[in-house]
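The values are calculated or read from the model by the stated rules, or taken from the named source; none is laboratory data. All values derive from a computational prediction rather than experimental measurement. Counting neighbours? That spans all protein chains shown, and the Cβs are built from the backbone with ideal geometry, glycine included. Protein only, heavy atoms only, side chains kept; ligands, DNA and RNA dropped before computing areas. Shrake-Rupley method; radii C 1.70, N 1.55, O 1.52, S 1.80 Å.
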Amino acid sequence: MLRLYHLLLGSILLVSISLGAKFVLPQFSPPPKAVKPPAVAKLPNPNEGNIWQKILVNAAAPTNWQVAPCEGNAPLLCISSGGKRLGTVEINVYPLANNEDFRKKLVAAGIPTGSQVDYQSSKYQTQVLAALQAWVADHYAAFAKDRQGKYGKEITFSTYPPQPVPIGKLQGIRYGFTGLKQQGGVQEQHIGHVAFDGTKLYVITTAFDTDTQTGKFEKLENLAIFQPYLYAIAADLRLP
């Protein structure tokens with residue numbers, strides 16, 4: 001009996017050590033630092049509810065998945081299945097009056113401050129897209145610098161070529177980037193859309209990234225499944 005007891009005790013210790021290695025060792029890696037975006041005031045939303053309630057038109061989703069504005073005032077779109085939340089998509093709105101950086105990008109693209117919006121003009125649309133392209137380029141540069149300092153050579157940071165796409169009735173840009181592990185696998189993946197309506201900059205984001213607090217999916221495979229549906233949702237938004 002004593003020998004049997006020792007054998008059982010040894011087995012328990014082996015399992016405990018194995019589990020400890022699995023769940024404790026990752027904590028030795030320093031947690032990723034959050035990227036600090038430029039200080040730009042967001043559009044106030046006092047007691048107006050979730051903005052997705054106003055702009056969501058096409059709640060496209062895979063079979064047995066549900067898409068709906070999240071409860072509360074946070075600008076989040078909830079994606080769920082069987083009553084379990086799989087992820088969220090976040091939209092932030094930045095008034096041009098509080099966004100000096102983007103005002104400069106518009107001026108550089110040929111749109112002076114206070115210019116009248118002309119959605120029907122191909123020249124105007126081209127100029128807006130040029131300003132949005134510059135915004136995405138700065139966004140990529142900020143993330144690349146942050147990831148280089150954070151990961152060094154452990155993670156390869158790769159950006160997607162920005163793609164002009166319709167976002168509602170606006171011309172916008174789809175962008176994104178991925179962090180690939182040297183040993184294989186994805187550390188993080190981000191998908192974004194940005195558009196401008198003449199007075200406000202709209203930034204729609206979601207990600208697979210443990211460091212992201214909102215606008216994220218817990219599992220990469222769920223983000224991959226939802227990706228084409230996100231594109232359809234963005235294209236049909238009630239914007240402007």
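Only one residue in 230, 129 is modelled with pLDDT of 95 or more, surrounded by 22 or more Cβ atoms within 10 Å (Cβ to Cβ) and touching a strand residue (DSSP E or B) at 6+ places or on another chain (Cβ under 9 Å). Which one?
230 is the lone residue from the list that is modelled with pLDDT of 95 or more, surrounded by 22 or more Cβ atoms within 10 Å (Cβ to Cβ) and touching a strand residue (DSSP E or B) at 6+ places or on another chain (Cβ under 9 Å).
What number of residues within the range 138-155 satisfy the criterion of being open to solvent by less than 50 Å² (accessible area, probe 1.4 Å) and outside any helix (DSSP H, G or I)?
Within the range 138-155, residues that are open to solvent by less than 50 Å² (accessible area, probe 1.4 Å) and outside any helix (DSSP H, G or I) number 2.
Quick check on the range 157-179. Is at least one of its residues of a type in the set (Val, Ile, Thr), open to solvent by 30 Å² or more (accessible area, probe 1.4 Å) and out of contact with any helix residue (DSSP H, G or I) (no Cβ under 8 Å at 6 or more places or on another chain)? Quick ask: steps written out before the conclusion?
So in the range 157-179, the residues of a type in the set (Val, Ile, Thr) come out as 159, 165, 167, 173, 178.
Add one more test, that the residue is open to solvent by 30 Å² or more (accessible area, probe 1.4 Å), and what stays is 159.
Right, trim to out of contact with any helix residue (DSSP H, G or I) (no Cβ under 8 Å at 6 or more places or on another chain) and you get none.
The answer is no; no qualifying residue exists.
Given (1) part of a loop (DSSP other than H, G, I, E, B); (2) at pLDDT 95 or above; (3) touching a strand residue (DSSP E or B) at 6+ places or on another chain (Cβ under 8 Å); (4) open to solvent by 50 Å² or more (accessible area, probe 1.4 Å), identify the lone condition not met by residue 85.
Result: residue 85 fails condition (1) only.
Out of all the residues in the range 107-126, which are exposed (fewer than 15 other Cβ atoms within 10 Å of the Cβ) and either of a type in the set (Gly, Ala, Ser) or on the phi > 0 side of the Ramachandran plot (or both)?
Listed by number, the residues that qualify are 108, 110, 114, 115, 121, 122.
Here's the yes/no breakdown for (1) aliphatic (A, V, I, L, M); (2) assigned to a loop (DSSP other than H, G, I, E, B); (3) surrounded by 17 or more Cβ atoms within 10 Å (Cβ to Cβ); (4) modelled with pLDDT of 95 or more:
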| position | (1), (2), (3), (4) |
| --- | --- |
| 41 | yes, yes, no, no |
| 46 | no, yes, no, no |
| 57 | yes, yes, no, yes |
| 91 | yes, no, yes, yes |
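If you take the residues of the range 206-227 that are surrounded by fewer than 17 Cβ atoms within 10 Å (Cβ to Cβ), under 13 Å from the mean Cα position of the chain (by Cα) and of a type in the set (D, E, K, R), which of them is farthest from residue 155 (Cα to Cα)?
Once the filter is applied, the top-ranked residue is 218.
I need the full set of residues from the range 84-101 which are closer than 26 Å to residue 226 by Cα and aliphatic (A, V, I, L, M), in order please.
86, 89, 91, 93
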